[in-house]
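Remarks on the structure that follows.
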Amino acid sequence: MKSAIRITEVGPRDGLQNEKATISLEAKVAFINALSATGVQEIEAGAFVSPKAIPQLADSEEVFSRIERKPGVIYSALVPNEKGMERAIFGRADKIAVFTAASETFNQKNINAGIKESIERFEPVIRQAKAMKMPVRGYVSAAFHCPYEGPVAPQKVLGVALELLALGADEVSLGDTIGRANPDETRRLLDLVLKEIPKKKIVLHFHDTYGMAIANALAAYQEYQMVGFDSSAGGLGGCPYAQGAAGNVATEDLLYALSSLGAKIPASIEAVAGAAGALIPFLGHALYSRAAGRAKGQTFPS
Ligand code: COA
Ligand code: ZN
């Protein structure tokens with residue numbers, strides 16, 4: 001039976017970008033190869049952004065050239081501009097993700113551009129991706145709260161998401177970049193965006209700063225039948241432009257939560273926890289997930 005849940009594993013990008021220790025090329029490739037074997041449908045394997053902005057991911061070309069690609073798995077990459085697009089093509093990324101935010105200040109800090117200017121920058125990038133039949137994701141960061149501007153109006157998020165879709169994005173990922181959203185805010189945003197955007201084009205991206213990510217994901221799944229989620233093995237991550245923000249919701253915890261409610265999940269909880277666990281000696285700290293360490297040797301439905 002096909003999984004209803006669609007996981008984009010963002011650990012190799014959103015997860016690693018905020019790690020203090022420099023993770024070697026070999027460790028990154030091993031991490032992605034292990035994730036490829038877990039069952040997740042999509043892996044965000046790197047970012048073709050400025051190496052000065054995100055030094056940890058400066059070797060994304062090498063990562064893309066060395067990973068063993070599992071047929072059926074989509075290997076995507078973050079692309080901020082045309083230069084990034086050239087690098088993504090060179091790296092043979094299957095899919096690209098452009099990124100902007102629903103907050104002007106956050107966008108300025110993150111990509112040195114306002115919302116309008118960033119969307120203008122994406123236009124040639126998306127056009128080229130479409131010509132090459134590469135699927136495109138559009139990220140809307142700070143979709144609930146902004147570290148500089150406070151609460152973000154759902155109407156603003158909808159507006160940015162619609163612009164990305166109008167340019168040709170195939171899906172939008174709505175990000176609680178600083179991990180402050182609660183289930184009521186999740187409902188308010190979904191109540192609005194689902195009036196204008198089909199469910200299958202919306203992915204939810206929760207961070208777990210205050211331990212709310214699972215609650216938000218479950219509200220979205222149970223009450224709105226949302227099935228597309230971003231998550232990071234081990235709960236790695238954080239945002240360099242959002243002080244104090246914790247990592248993404250851990251993939252293994254999200255899978256556990258969804259399967260406990262009867263969802264058909266795509267990946268093995270134990271395998272995801274194992275993929276992240278192999279990184280511990282390089283990270284210099286424990287994983288942030290609950291299921292990691294407890295998952296070993298146990299069987300879960302998948
Ligand atoms: N890949 C590699 N280098 C790039 C690049 C890319 N995609 N885009 C720009 N650069 C380089 C330029 O060549 C230039 O290098 P130089 O100083 O040696 O001449 C430098 O970066 C500045 O380029 P510029 O076009 O003026 O960009 P900027 O300074 O306004 O930065 C971004 C804009 C988008 C490139 C940068 O802010 C960025 O990469 N941000 C990513 C942040 C991120 O990934 N955040 C986490 C995800 S939420
Ligand atoms: Zn994120």
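How much net charge surrounds residue 120 when only the other residues with a Cβ under 14 Å from the Cβ of residue 120 are counted, with Lys and Arg +1 and Asp and Glu -1?
Details: positive: 116, 121, 127; negative: 82, 117, 123, 163.
Net charge around residue 120: -1.
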Which of the aspartates and glutamates could be linked to residue 200 by a straight reach, that is with a Cα gap under 12 Å, when you skip same-chain ones fewer than 8 residues away? 170, 171
Spin-label point model (7 Å from Cα, Cβ direction): what's the residue 92 to residue 162 distance in nm? 4.1
Heavy-atom accessible area per residue, the stretch 37-178, 1.4 Å probe: how many Å²? 40
For an R0 of 25 angstrom, estimate the FRET efficiency from the Cβ-Cβ distance between residue 62 and residue 82 and round to the nearest 0.05. 0.75
Pop a pseudo-label 7 angstrom from the Cα along the beta-carbon direction at both residue 148 and residue 33 and give the gap in nm to one decimal. 4.1
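Per residue, how much space in cubic angstrom lies within the convex hull of the C-alpha atoms of the stretch 6-283?
109
Which of the peptides 173-183, 60-70, 226-236 is most tightly packed, and how do the rest follow, judged by the mean count of other Cβ atoms within 10 Å per residue?
226-236, 173-183, 60-70
DSSP loop (so not H, G, I, E, B), at most 12 other Cβ within 10 Å: list which trypsin sites (Lys or Arg not before Pro) in the stretch 203-302 pass both filters.
Working: sites: 264, 290, 294, 296; in loops: 264, 290, 294, 296.
Of the trypsin sites (Lys or Arg not before Pro), the ones in loops of the stretch 203-302 whose Cβ has at most 12 other Cβ atoms within 10 Å are 296.
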Sort 245-252, 156-163 by packing, meaning the average of other beta carbons within 10 Å per residue, with the highest value first. 245-252, 156-163
Under 15 Å Cα-Cα from residue 70, which aspartates and glutamates qualify once same-chain neighbours fewer than 8 residues away are excluded? 9, 42, 44, 94
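Which entries in the list 52/264; 116/264; 52/95; 95/195; 130/195 go over 29 Å, if you measure between the two C-alpha atoms of each?
Numbers: 52/264 41 Å; 116/264 39 Å; 52/95 23 Å; 95/195 27 Å; 130/195 26 Å.
Violating the 29 Å limit, Cα to Cα: 52/264; 116/264.
Could you order 241, 256 so the one with the most accessible surface comes first? Probe is 1.4 Å.
Values: 241 55, 256 115 Å².
Output order, biggest surface exposure first: 256, 241.
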May I ask you to order 137-144, 39-46 by the average number of other C-beta atoms within 10 Å around their residues, highest value first? 137-144, 39-46
Looking at 73, 84, 5, which one has the Cα that reaches farthest to the positive end of the dipole of the stretch 1-110 (charges on Cβ: Lys, Arg +1; Asp, Glu -1)? 5
What does the extension gain come out to for residue 105 and residue 133, with contour length at 0.36 nm per residue minus their alpha carbon separation? 6.8 nm
Rough spin-label spacing in nm, given labels placed 7 Å along Cα→Cβ, for residue 117 and residue 26: 4.3
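The values are calculated or read from the model by the stated rules, or taken from the named source; none is laboratory data. Everything numeric in this text was worked out from a predicted model, so none of it was measured. Positions of Cβ are backbone-derived with ideal geometry, glycine not excepted, and every protein chain shown enters the neighbour counts. SASA here: full protein model, heavy atoms, side chains in, ligands and nucleic acids out. Shrake-Rupley method; radii C 1.70, N 1.55, O 1.52, S 1.80 Å.
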